[in-house]
Amino acid sequence: LKEYLEEFKAGIIMNCAENSDWDLDKTSKMLEINISDLKNCLDEYFNKIREQSGTFRITLNSDRKEIYKAQKFLASITDNLGISDSTMFELKLLVDEMLANAIEHGYEYGEGNIDLIFTVRNRKVRIIVSDQGKGFVFQKAELPQDMFSGGGRGLFLTEKLGDEFNLVSVPGKGT
C-alpha cells in the first residue's frame, strides 16, 4: 500500500513537472483514474486484513525455548495487519511475560502444556494463555519494590500493557 501511494504521488508530480502548461482538466482526469486504482488497492488491502481475522491456537511445551516459537506464531498472524513496531513490541512482551509466568509459576519449570490463543478482530489482538499448572489465588498485580529483582514484574506488565486484563486461576487446576 505504501509503495502504491508513493507511485501515485510520483505520478502526479511527474505529470505536473513534464507539463509546463499544466492542464487542470488533464490532471483531474488522472487523479480520478488513480483514485479509482487507490480505492481498489485499499479494498484489496482490507480484504487481506479481514482474511487474517479469526482465532489461532498453538500448544506449547512448558519450556522457555518455546517463547521464540510463540513470537514467530504471533508474527505470522499479525503480519498483514499493519501493526506498528511499538505495538508489536508490546504484543511480544505480553506473550513473553504470560508464557514465562505459566512456565515458572504454573509448572515450576516442570513438564506440561500451555495453550496460546490469539483472536484477531478488527485489527485488535486478544491473547489468551492457559495452563493446567498449580494455579494460584490472584489478588492484584503490583510492581515489585526492587525493579531489578529476579521477577515479579510479569502480571504487572501484562495488566499495564494490555488494553484489557482478565485473569482466572484456580489453585490446583491452572490458570
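Extension gain, Ala75-Leu38: 0.36 nm per intervening residue step, less the Cα-Cα distance, totals 10.6 nm. Length gained on full extension, Asn122 to Val170: 14.1 nm, using 0.36 nm per residue less the C-alpha separation.
Every read-out reported here was derived from the displayed coordinates using simple, explicitly stated rules and does not represent laboratory data. Keep in mind the model is a prediction, meaning the values are calculated, not measured.
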